[in-house]
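Read the structure below first, then the notes.
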Amino acid sequence: MTQGWAEMEKFRKARVTVLVGAFGSGKTELALNFAKRLNAAGRNAVLVDIDILKPMFRSRDKRNDLSELGVRVVSSVTDYEDSDVPALSPAIYGVIEDRSSDVVVDVGGDDDGARALGRFREALEEAGYEMLYVVNTRRPFSSTPEEIVSMVLAVEEASRLRCTALVSNTNLGSESFVGLVEEGLDTTLQASQTLGVPVRFAMIQKSVADSQRNELEKIVQVYGVPVFEMDRSILPPWEGIAQS
């Protein structure tokens, strides 16, 4: 067992990790970072992109970068990768069933995207999965425990799969600060109690964590929830222009 894998065991609880959440929750960023970390830990990481809803911020747009690292990306049927039609590859079933692979599934936002996930319900249940609902309380429809609960229940109904845990990812993009981790955990934990599921971990940009390490460690001690530190690789157009 590598040291990297020992670290990932705090976050990865099943061979197939399904990520759902509202638009702007950060689930696609998590999917990319999660797959990269699994790969770095020596796992056979595969990223499955079944987000058929939005034309921006899709995992499959990073296919070349991930392939160079050794992460396989499976999404739409060949020649339809850039379309928004529900042309999902039958290879997805094979990936889910392949017990030699650690699979990360990036699902389209809200209950509409979850309907596409429902196509793979039987395969996921047979394989064993964890479905994480990613929450950014600074985004619409996720600012209160009641809104979060409502969104989770809608995704469960549409996908016919159960959400097994929540992920707290309250952030403001390039204007994020460590205090947002505490803010997000307060609200997300209230929703988790109503739903009867745990908060698996919180997320934070690594650069923000490094800038306020002592404060972050205090928050971790108080809440007892591990923190997944990630690099931002999906930037909105206005940030990309500013950094170019």
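Read the figures in this text as sums done on the coordinates, not as results from a lab. Predicted, not measured: the structure shown is a model, and the values here were computed from it. With ideal geometry, Cβ positions are generated from the backbone for all residues, glycine too; neighbour counts draw on all protein chains shown.
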Fill in: Amide hydrogen neighbours beyond the local backbone of Phe23, cut-off 5 Å, H modeled
Asp110
Discussion item. If I stretch the segment between Ser174 and Glu122 completely, what's the gain in nm (0.36 nm per residue apart, minus their alpha carbon distance), one decimal?
Written reply: 14.8 nm
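Given the peptides 197-205, 171-179, arrange them by the average over their residues of other C-beta atoms within 10 Å, most packed first.
Ranked from most to least packed, the peptides come out as 197-205, 171-179.
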Worksheet item: Assuming a viscosity of 1.306 mPa s and a temperature of 10 °C, what translational diffusion coefficient in µm² per second does Stokes-Einstein assign to region 104-244, Rh being the Kirkwood radius over Cα pairs?
Response: 99
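If you take every residue apart from Thr144 with its C-beta less than 15 Å away from the C-beta of Thr144, what net charge results, scoring Lys and Arg +1 and Asp and Glu -1?
Around Thr144, the surrounding residues sum to -2.
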Discussion item. For region 88-159, take the convex hull of the Cα atoms, compute a quarter of its surface area, and give me that in nm², please.
Written reply: 5.1
Fill in: DSSP-defined beta bridges in region 3-243 - what % are antiparallel, rounded to 5
5
Practice prompt. Give me the Debye-computed log₁₀ of I(q)/I(0) at q = 0.08, 0.09, 0.11, 0.15 Å⁻¹ for region 3-243, equal point scatterers on Cα only, no solvent, two decimals.
Written response: -0.27, -0.34, -0.52, -1.02
Fill in: Unit charges on C-beta of K, R, D, E only; dipole of region 3-243, Debye
460
